[in-house]
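Below is one structure, written out as structure tokens, with a few remarks after it.
Every number in this text was worked out from the coordinates using simple rules, so none of it is lab data. All values reported here derive from a predicted model rather than from experimental measurement. In this analysis, Cβ positions are derived from the backbone assuming ideal geometry, glycine residues included, and neighbour counts consider all displayed protein chains.
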Amino acid sequence: MSYGATEGQVDHVGYGSGSKPYFWIGRGEEIGGYVHLAFPAPDRPSVDAFYSAALQAGGQDNGAPGLRPQYHQGYYGAFVLTPEGLNLEAVHHTFTA
């Protein structure tokens, strides 16, 4: 779904499930400095697939898929830098009782 169309231009786009957006992208001023975007993954193989696809699309390794116990015991993530310098992460959280 998209919101804020002006003269044929879309100012903001919301991505989500059904009619509930949970991630927004919008036009605005250029961002300087460090940007880190993390996306939830349903399982560890999805994190692995994200990492492989991102590298094949021109991303640069910034942390191969693996456990990150410094965050918590079930934190499984992978990090890739985009050509623009964004740090993208896919992460799966496994919580055990």
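Figures for the structure shown
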{"quantity": "Label-point gap, in nm, between residue 20 and residue 87 - each point 7 angstrom along Cα→Cβ", "calculated": "3.0"}
{"quantity": "DSSP-defined antiparallel bridges as percent of all bridges, the chain, nearest 5", "calculated": "80"}
{"quantity": "Sparse-neighbourhood loop sites, chymotrypsin sites (Phe, Trp or Tyr not before Pro) in segment 18-55 - DSSP loop, at most 16 other Cβ within 10 angstrom", "calculated": "34"}
{"quantity": "FRET efficiency for residue 34 and residue 73, using Cβ-Cβ distance with R0 set to 25 Å, rounded to 0.05", "calculated": "0.40"}
{"quantity": "For residue 75, distant residues with modelled amide H under 5 Å away", "calculated": "68, 94"}
{"quantity": "Cβ-defined net charge surrounding residue 14, 15 Å radius [Lys, Arg +1; Asp, Glu -1]", "calculated": "+1"}
{"quantity": "Length gained when the stretch residue 12-residue 64 is fully extended (0.36 nm per residue, less Cα-Cα span)", "calculated": "15.5 nm"}
